[in-house]
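Enquirer: One structure coming up, written as C-alpha coordinates, with questions to follow.
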Amino acid sequence: MWINSSSLLLGTNLKMNQTAAETGRFIIELAEVLPRSFGQYFIIPPFTSLAAAVRARDESELPVWIGAQNMHWEPSGAFTGEISAAMLTALGVDLALLGHAERRGLFHETDEDLQRKVQAALAAGLRVLLCIGETAGERANAVGLETVGRQLKIALNGIAADQAPMLQVAYEPVWSIGAGGTPATPDDIAPVATAIRGLLVSQFGDGGGAIPILYGGSVDPTNAGIFLQVPEITGLFVGRAAWTPPGFLAIVDSARDMSGRQS
Ligand code: 13P
(Lines give C-alpha, C1' and ligand atoms only; values in the text may rest on other atoms or scores of the structure.)
Protein backbone atom coordinates (compact mmCIF):
# COMPACT_ATOMS: atom_id res chain seq x y z
CA MET A 1 0.00 0.00 0.00
CA TRP A 2 3.01 2.27 0.17
CA ILE A 3 3.91 4.00 -3.05
CA ASN A 4 7.48 4.65 -1.92
CA SER A 5 9.05 5.95 1.26
CA SER A 6 9.68 9.42 -0.11
CA SER A 7 5.93 9.89 -0.51
CA LEU A 8 5.37 9.93 3.27
CA LEU A 9 4.49 13.35 4.62
CA LEU A 10 4.46 13.86 8.36
CA GLY A 11 4.18 17.08 10.28
CA THR A 12 2.62 19.15 12.97
CA ASN A 13 0.42 22.19 13.35
CA LEU A 14 1.61 24.09 16.43
CA LYS A 15 -1.67 26.04 16.55
CA MET A 16 -1.33 29.04 18.97
CA ASN A 17 1.70 27.64 20.80
CA GLN A 18 5.42 28.49 21.01
CA THR A 19 7.33 31.75 20.76
CA ALA A 20 9.77 32.35 17.90
CA ALA A 21 12.71 31.25 20.08
CA GLU A 22 10.88 28.09 21.13
CA THR A 23 10.09 27.14 17.53
CA GLY A 24 13.68 27.74 16.43
CA ARG A 25 14.92 25.43 19.20
CA PHE A 26 12.22 22.86 18.43
CA ILE A 27 13.39 22.53 14.81
CA ILE A 28 17.11 22.47 15.67
CA GLU A 29 16.45 19.73 18.25
CA LEU A 30 14.28 17.79 15.81
CA ALA A 31 17.06 17.95 13.24
CA GLU A 32 19.36 16.18 15.72
CA VAL A 33 17.05 13.19 16.15
CA LEU A 34 14.85 12.69 13.07
CA PRO A 35 15.82 10.25 10.31
CA ARG A 36 16.56 12.20 7.11
CA SER A 37 15.51 9.67 4.50
CA PHE A 38 12.16 8.67 5.97
CA GLY A 39 10.02 11.17 4.09
CA GLN A 40 9.18 14.84 4.04
CA TYR A 41 8.41 16.63 7.31
CA PHE A 42 6.51 19.85 7.83
CA ILE A 43 6.08 22.27 10.74
CA ILE A 44 3.31 24.87 10.82
CA PRO A 45 4.00 27.40 13.61
CA PRO A 46 2.26 30.68 14.44
CA PHE A 47 3.06 33.62 12.11
CA THR A 48 5.42 35.12 14.68
CA SER A 49 7.60 31.98 14.60
CA LEU A 50 7.85 31.70 10.81
CA ALA A 51 11.12 33.64 10.34
CA ALA A 52 12.83 31.67 13.13
CA ALA A 53 11.48 28.42 11.68
CA VAL A 54 12.80 29.23 8.21
CA ARG A 55 16.23 30.06 9.69
CA ALA A 56 16.30 26.80 11.65
CA ARG A 57 15.23 24.86 8.53
CA ASP A 58 18.07 26.41 6.52
CA GLU A 59 20.69 25.94 9.25
CA SER A 60 19.75 22.35 10.03
CA GLU A 61 19.11 21.20 6.44
CA LEU A 62 16.29 19.04 7.80
CA PRO A 63 13.88 18.00 5.00
CA VAL A 64 11.10 20.11 6.49
CA TRP A 65 8.59 22.44 4.88
CA ILE A 66 7.67 25.46 6.95
CA GLY A 67 4.00 26.35 6.70
CA ALA A 68 1.74 29.23 7.71
CA GLN A 69 -1.54 28.49 9.46
CA ASN A 70 -3.60 30.86 7.31
CA MET A 71 -3.31 33.66 4.74
CA HIS A 72 -5.53 36.17 2.95
CA TRP A 73 -6.34 35.83 -0.74
CA GLU A 74 -5.57 39.44 -1.66
CA PRO A 75 -1.94 40.45 -2.27
CA SER A 76 -2.22 43.61 -0.12
CA GLY A 77 -4.78 46.12 1.08
CA ALA A 78 -6.98 47.25 3.97
CA PHE A 79 -7.29 43.88 5.73
CA THR A 80 -6.20 44.55 9.31
CA GLY A 81 -4.72 41.50 10.99
CA GLU A 82 -4.21 39.55 7.77
CA ILE A 83 -1.09 38.25 5.97
CA SER A 84 -0.71 37.78 2.19
CA ALA A 85 0.85 34.93 0.24
CA ALA A 86 3.58 37.26 -1.04
CA MET A 87 4.54 38.14 2.55
CA LEU A 88 4.93 34.43 3.27
CA THR A 89 7.03 33.63 0.21
CA ALA A 90 9.23 36.66 0.93
CA LEU A 91 10.02 35.07 4.31
CA GLY A 92 10.95 31.75 2.72
CA VAL A 93 7.79 29.93 3.81
CA ASP A 94 7.02 26.79 1.78
CA LEU A 95 3.39 26.06 2.43
CA ALA A 96 0.00 27.47 3.42
CA LEU A 97 -2.32 25.44 5.63
CA LEU A 98 -5.82 26.27 4.45
CA GLY A 99 -9.21 25.28 5.83
CA HIS A 100 -8.18 23.86 9.19
CA ALA A 101 -11.28 22.86 11.18
CA GLU A 102 -10.52 25.48 13.83
CA ARG A 103 -10.47 28.22 11.19
CA ARG A 104 -13.66 26.96 9.57
CA GLY A 105 -15.42 26.50 12.92
CA LEU A 106 -14.09 29.27 15.18
CA PHE A 107 -13.28 31.89 12.54
CA HIS A 108 -16.11 31.18 10.10
CA GLU A 109 -14.05 30.48 6.99
CA THR A 110 -16.27 29.41 4.11
CA ASP A 111 -15.61 27.09 1.19
CA GLU A 112 -15.68 30.14 -1.09
CA ASP A 113 -13.04 31.91 1.05
CA LEU A 114 -10.90 28.81 0.76
CA GLN A 115 -11.29 28.66 -3.01
CA ARG A 116 -9.84 32.19 -3.19
CA LYS A 117 -7.06 31.32 -0.75
CA VAL A 118 -6.04 28.15 -2.61
CA GLN A 119 -5.84 30.06 -5.88
CA ALA A 120 -3.83 32.90 -4.31
CA ALA A 121 -1.42 30.55 -2.52
CA LEU A 122 -0.70 28.51 -5.67
CA ALA A 123 -0.34 31.64 -7.78
CA ALA A 124 2.30 32.90 -5.33
CA GLY A 125 4.22 29.62 -5.52
CA LEU A 126 3.23 28.25 -2.11
CA ARG A 127 2.37 24.61 -1.53
CA VAL A 128 -1.13 24.14 -0.15
CA LEU A 129 -2.16 21.78 2.63
CA LEU A 130 -5.96 21.80 2.39
CA CYS A 131 -7.89 20.46 5.38
CA ILE A 132 -11.31 18.92 4.97
CA GLY A 133 -13.50 16.97 7.38
CA GLU A 134 -17.03 16.53 8.61
CA THR A 135 -18.44 17.57 12.00
CA ALA A 136 -19.87 15.10 14.52
CA GLY A 137 -23.37 16.24 13.56
CA GLU A 138 -22.75 15.64 9.86
CA ARG A 139 -21.34 12.23 10.68
CA ALA A 140 -24.38 11.36 12.82
CA ASN A 141 -26.61 12.29 9.90
CA ALA A 142 -24.51 10.18 7.51
CA VAL A 143 -23.55 13.13 5.31
CA GLY A 144 -19.81 13.06 6.06
CA LEU A 145 -18.85 12.04 2.53
CA GLU A 146 -21.03 14.77 1.04
CA THR A 147 -19.39 17.39 3.30
CA VAL A 148 -15.86 16.31 2.48
CA GLY A 149 -16.67 16.14 -1.24
CA ARG A 150 -18.21 19.61 -1.20
CA GLN A 151 -15.28 21.12 0.70
CA LEU A 152 -12.77 19.55 -1.67
CA LYS A 153 -14.60 20.39 -4.89
CA ILE A 154 -15.23 24.04 -3.99
CA ALA A 155 -11.72 24.67 -2.66
CA LEU A 156 -10.09 23.16 -5.75
CA ASN A 157 -12.51 24.40 -8.37
CA GLY A 158 -10.56 26.07 -11.17
CA ILE A 159 -7.20 24.58 -10.21
CA ALA A 160 -5.39 23.14 -13.25
CA ALA A 161 -3.70 19.73 -13.47
CA ASP A 162 -0.24 21.29 -13.70
CA GLN A 163 -0.75 22.69 -10.18
CA ALA A 164 -1.51 19.28 -8.65
CA PRO A 165 2.12 18.70 -7.54
CA MET A 166 1.76 21.67 -5.16
CA LEU A 167 -1.33 20.24 -3.44
CA GLN A 168 -1.69 18.05 -0.36
CA VAL A 169 -4.99 17.19 1.31
CA ALA A 170 -5.52 16.40 4.99
CA TYR A 171 -8.66 14.55 6.05
CA GLU A 172 -9.31 15.69 9.62
CA PRO A 173 -12.74 14.73 10.91
CA VAL A 174 -13.74 17.57 13.26
CA TRP A 175 -14.86 15.08 15.92
CA SER A 176 -11.39 13.54 16.06
CA ILE A 177 -9.38 16.73 16.69
CA GLY A 178 -8.06 18.06 19.98
CA ALA A 179 -8.40 17.15 23.65
CA GLY A 180 -12.11 16.25 23.37
CA GLY A 181 -11.62 14.29 20.15
CA THR A 182 -11.73 10.55 19.52
CA PRO A 183 -9.30 9.18 16.95
CA ALA A 184 -11.00 7.85 13.84
CA THR A 185 -10.58 4.15 13.05
CA PRO A 186 -9.19 2.80 9.78
CA ASP A 187 -12.77 1.74 8.94
CA ASP A 188 -13.91 5.36 9.39
CA ILE A 189 -11.11 6.73 7.27
CA ALA A 190 -10.90 4.22 4.40
CA PRO A 191 -14.10 5.11 2.49
CA VAL A 192 -13.40 8.83 2.84
CA ALA A 193 -9.80 8.50 1.66
CA THR A 194 -10.98 6.46 -1.34
CA ALA A 195 -13.61 9.08 -2.17
CA ILE A 196 -11.05 11.89 -1.88
CA ARG A 197 -8.68 10.03 -4.19
CA GLY A 198 -11.51 9.50 -6.68
CA LEU A 199 -12.31 13.21 -6.78
CA LEU A 200 -8.64 14.17 -7.13
CA VAL A 201 -8.14 11.75 -10.01
CA SER A 202 -11.31 12.88 -11.74
CA GLN A 203 -10.13 16.50 -11.58
CA PHE A 204 -6.41 16.09 -12.18
CA GLY A 205 -5.97 12.72 -13.92
CA ASP A 206 -2.71 10.93 -13.10
CA GLY A 207 -1.51 13.96 -11.12
CA GLY A 208 -4.47 13.50 -8.78
CA GLY A 209 -3.26 9.99 -8.02
CA ALA A 210 -0.01 11.40 -6.64
CA ILE A 211 -1.45 14.10 -4.35
CA PRO A 212 -0.65 13.16 -0.73
CA ILE A 213 -3.70 12.44 1.43
CA LEU A 214 -2.97 12.80 5.15
CA TYR A 215 -5.01 11.74 8.14
CA GLY A 216 -5.16 14.04 11.17
CA GLY A 217 -7.01 13.96 14.49
CA SER A 218 -5.67 12.58 17.81
CA VAL A 219 -2.72 10.87 16.13
CA ASP A 220 -0.28 9.55 18.74
CA PRO A 221 2.54 6.99 18.88
CA THR A 222 0.09 4.15 19.61
CA ASN A 223 -1.94 4.66 16.46
CA ALA A 224 0.21 6.48 13.89
CA GLY A 225 1.28 3.37 11.99
CA ILE A 226 -2.27 2.01 11.86
CA PHE A 227 -3.50 5.05 9.96
CA LEU A 228 -0.70 4.64 7.45
CA GLN A 229 -1.99 1.17 6.58
CA VAL A 230 -5.24 2.66 5.27
CA PRO A 231 -5.23 2.62 1.45
CA GLU A 232 -4.64 6.10 0.00
CA ILE A 233 -3.36 7.58 3.29
CA THR A 234 0.21 8.68 2.63
CA GLY A 235 0.89 10.93 5.57
CA LEU A 236 -0.04 12.17 9.02
CA PHE A 237 -1.02 15.60 10.28
CA VAL A 238 -0.37 15.68 14.01
CA GLY A 239 -1.24 18.18 16.72
CA ARG A 240 -0.60 17.77 20.44
CA ALA A 241 1.44 14.56 20.29
CA ALA A 242 4.17 16.12 18.11
CA TRP A 243 4.77 19.40 19.94
CA THR A 244 8.05 18.24 21.53
CA PRO A 245 11.05 16.66 19.79
CA PRO A 246 10.61 13.32 21.65
CA GLY A 247 6.88 13.35 20.84
CA PHE A 248 7.52 14.03 17.15
CA LEU A 249 10.21 11.34 17.01
CA ALA A 250 7.90 8.81 18.71
CA ILE A 251 5.32 9.37 15.96
CA VAL A 252 7.97 8.87 13.27
CA ASP A 253 9.15 5.67 15.00
CA SER A 254 5.58 4.40 15.27
CA ALA A 255 4.92 5.19 11.63
CA ARG A 256 8.07 3.34 10.66
CA ASP A 257 7.50 0.29 12.86
CA MET A 258 3.76 -0.21 12.39
CA SER A 259 3.43 0.67 8.75
CA GLY A 260 6.29 -1.47 7.55
CA ARG A 261 8.11 1.57 6.18
CA GLN A 262 11.87 1.66 6.33
CA SER A 263 13.97 4.76 6.70
P1 13P B 1 -4.57 16.78 17.49
O2 13P B 1 -3.56 15.80 16.95
O3 13P B 1 -4.10 17.50 18.71
O4 13P B 1 -5.92 16.13 17.65
O5 13P B 1 -4.75 17.93 16.39
C6 13P B 1 -4.79 17.59 15.03
C7 13P B 1 -4.81 18.81 14.23
O8 13P B 1 -5.68 19.67 14.38
C9 13P B 1 -3.75 19.00 13.24
O10 13P B 1 -3.98 20.13 12.47
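Enquirer: Size of the dipole of the stretch 76-130 about the Cα centre, Lys and Arg at +1 and Asp and Glu at -1 on the beta carbon, nothing else charged, in debye to 20?
Expert: Details: 5 positive and 7 negative charges, 23 e Å.
Once rounded to the nearest 20, the dipole reads 120 debye.
Enquirer: Can I ask one more? Post the alpha-carbon centroid distance, the stretch 51-68 to the stretch 93-163, in whole angstrom.
Expert: Value for the Cα centre distance between the two parts: 25 Å.
Enquirer: Across the stretch 204-219, in residue order, what do the Karplus-derived ³J(HN,Hα) couplings come to in whole Hz, using 6.51 cos²θ - 1.76 cosθ + 1.60 with θ = phi - 60° and x for Gly and Pro?
Expert: Ordered by residue, 3J(HN,Hα) equals 10, x, 4, x, x, x, 9, 6, x, 10, 9, 9, x, x, 6, 6 Hz.
Enquirer: How high is the relative contact order of the stretch 109-251, in percent, counting Cα pairs under 8 Å that sit 6 or more residues apart? Spell out each step's value before the answer.
Expert: Working: 227 pairs, mean separation 31.0, N = 143.
For the stretch 109-251, the relative contact order is 22 percent.
Enquirer: Keeping every protein chain present and rolling a 1.4 Å probe, give me the accessible area per residue for the chain in Å².
Expert: Numbers: 10910 Å² over 263 residues.
Averaged over the residues of the chain, the accessible area is 41 Å².
Enquirer: I've got another one for you. State log₁₀ I(q)/I(0) for the stretch 92-218 at q = 0.15, 0.20 Å⁻¹ as given by the Debye formula over alpha-carbon point scatterers of equal weight, solvent excluded.
Expert: Computed log10 I(q)/I(0) values: -0.65, -1.16.
Enquirer: Just to verify a number: FRET efficiency for K153 and D206, C-beta to C-beta distance, R0 = 25 Å, to 0.05? Could the numbers behind the result be given before it?
Expert: Working: r = 19 Å, r/R0 = 0.77.
Efficiency at R0 = 25 Å is approximately 0.85.
Enquirer: As an exercise, take the mean of 1/r over every pair of distinct alpha carbons in the stretch 1-91, invert it, and state the Kirkwood radius in angstroms. Display every interim value, and only then the final one.
Expert: Working: mean 1/r = 0.0707 Å⁻¹.
One over the average 1/r among Cα pairs gives 14.2 Å for the stretch 1-91.
Enquirer: Where does the charge balance sit around A179 when Lys and Arg score +1, Asp and Glu -1, over other residues with C-beta under 13 Å from its C-beta?
Expert: Its environment carries a net charge of 0.
Enquirer: Under Stokes-Einstein, with the Kirkwood radius over Cα pairs standing in for Rh, what whole-number D in µm²/s applies to the stretch 139-202 at 20 °C and 1.002 mPa s? Walk me through the intermediate numbers first.
Expert: Numbers: Rh = 13.1 Å.
For the chosen part, D equals 164 µm²/s.
Enquirer: Express the relative contact order of the stretch 41-174 as a whole percentage, based on alpha carbon pairs under 8 Å and six or more residues apart in sequence. Before the final figure, lay out each step's value.
Expert: Values: 205 pairs, mean separation 28.9, N = 134.
Answer for the stretch 41-174 is 22 percent.
Enquirer: Next question, about the same structure. I want the local charge near I132. Using Cβ-Cβ distances under 11 Å, sum +1 for each Lys or Arg and -1 for each Asp or Glu among the other residues. It would help to have the intermediate numbers written out before the result.
Expert: Numbers: positive: R104, R150, K153; negative: D111, E134, E172.
Overall, the nearby charge balance is 0.
Enquirer: Given the peptides 119-129, 58-68, arrange them by the average over their residues of other C-beta atoms within 10 Å, most packed first. Walk me through the numbers on the way to the answer.
Expert: On the way: 119-129: 20.6, 58-68: 18.2.
Output ranking for 119-129, 58-68: 119-129, 58-68.
Enquirer: Let me know the Rg and Dmax you get for the stretch 180-263 when you use only its Cα atoms, in Å.
Expert: Here Rg and the maximum Cα pair distance are 13.4, 40 Å.
Enquirer: Per DSSP H run of at least 4 residues, take -39500 (n - 2.57); add these up for the chain, divide by its residues and hand me the 222 nm value, nearest 500 deg cm²/dmol.
Expert: Values: 11 runs with 111 residues, N = 263.
After summing the helix terms and dividing by residue count, I get -12500 deg cm²/dmol.
Enquirer: Placing +1 at every Lys and Arg Cβ and -1 at every Asp and Glu Cβ, with all other atoms neutral, what dipole size does the chain have around its Cα centre, in debye to the nearest 20?
Expert: Working: 17 positive and 26 negative charges, 19 e Å.
Computed about the Cα centre, the dipole is about 100 debye.
Enquirer: Over the chain, what relative contact order in percent results from Cα pairs under 8 Å that are six or more residues apart?
Expert: Details: 525 pairs, mean separation 50.9, N = 263.
Relative contact order of the chain: 19 percent.
Enquirer: Moving on. Using a 1.4 angstrom probe on heavy atoms only, work out the carbon and sulfur share of the accessible area of the stretch 96-159 in %. Numbers along the way, then the final one.
Expert: Working: 1410 of 2740 Å².
C and S fraction of accessible area: 52 percent.
Enquirer: Separate question: Answer with one residue from Q119, N141, L167: the one whose Cα lies farthest towards the positive end of the charge dipole of the stretch 114-187, charges on Cβ with Lys, Arg +1 and Asp, Glu -1.
Expert: Q119
Enquirer: Treating the beta-carbon of each Lys and Arg as +1 and of each Asp and Glu as -1, no other charges, what is the dipole magnitude of the stretch 86-206 about its Cα centre, to the nearest 20 debye?
Expert: Details: 9 positive and 14 negative charges, 36 e Å.
Using Cβ point charges on Lys, Arg, Asp and Glu, the stretch 86-206 gives about 180 debye.
Enquirer: If the chain between T222 and L91 were fully stretched, how many nm would it gain, using 0.36 nm times the residue separation less the Cα-Cα distance? Show your work: numbers first, answer last.
Expert: Working: separation 131, 0.36 × 131 = 47.16 nm, distance 3.59 nm.
43.6 nm is the gain from fully extending T222 to L91.
Enquirer: Using the charge dipole of the stretch 1-127 (Lys, Arg: +1 at Cβ; Asp, Glu: -1 at Cβ; taken about the Cα centre), state which of G39, A20, G92 has its Cα farthest towards the positive end.
Expert: G39
Enquirer: How much net charge surrounds R116 when only the other residues with a Cβ under 11 Å from the Cβ of R116 are counted, with Lys and Arg +1 and Asp and Glu -1?
Expert: Numbers: positive: K117; negative: E74, E109, D111, E112, D113.
After counting each charged neighbour, the total is -4.
The values are calculated or read from the model by the stated rules, or taken from the named source; none is laboratory data. Here the structure is a predicted model, which is why all the values come from computation and not from measurement. Cβ sites come from the backbone with ideal geometry, for glycine too, and all protein chains shown count toward neighbours. Quick note on the areas: whole protein, heavy atoms, side chains included, nothing else; ligands and nucleic acids left out. Shrake-Rupley method; radii C 1.70, N 1.55, O 1.52, S 1.80 Å.
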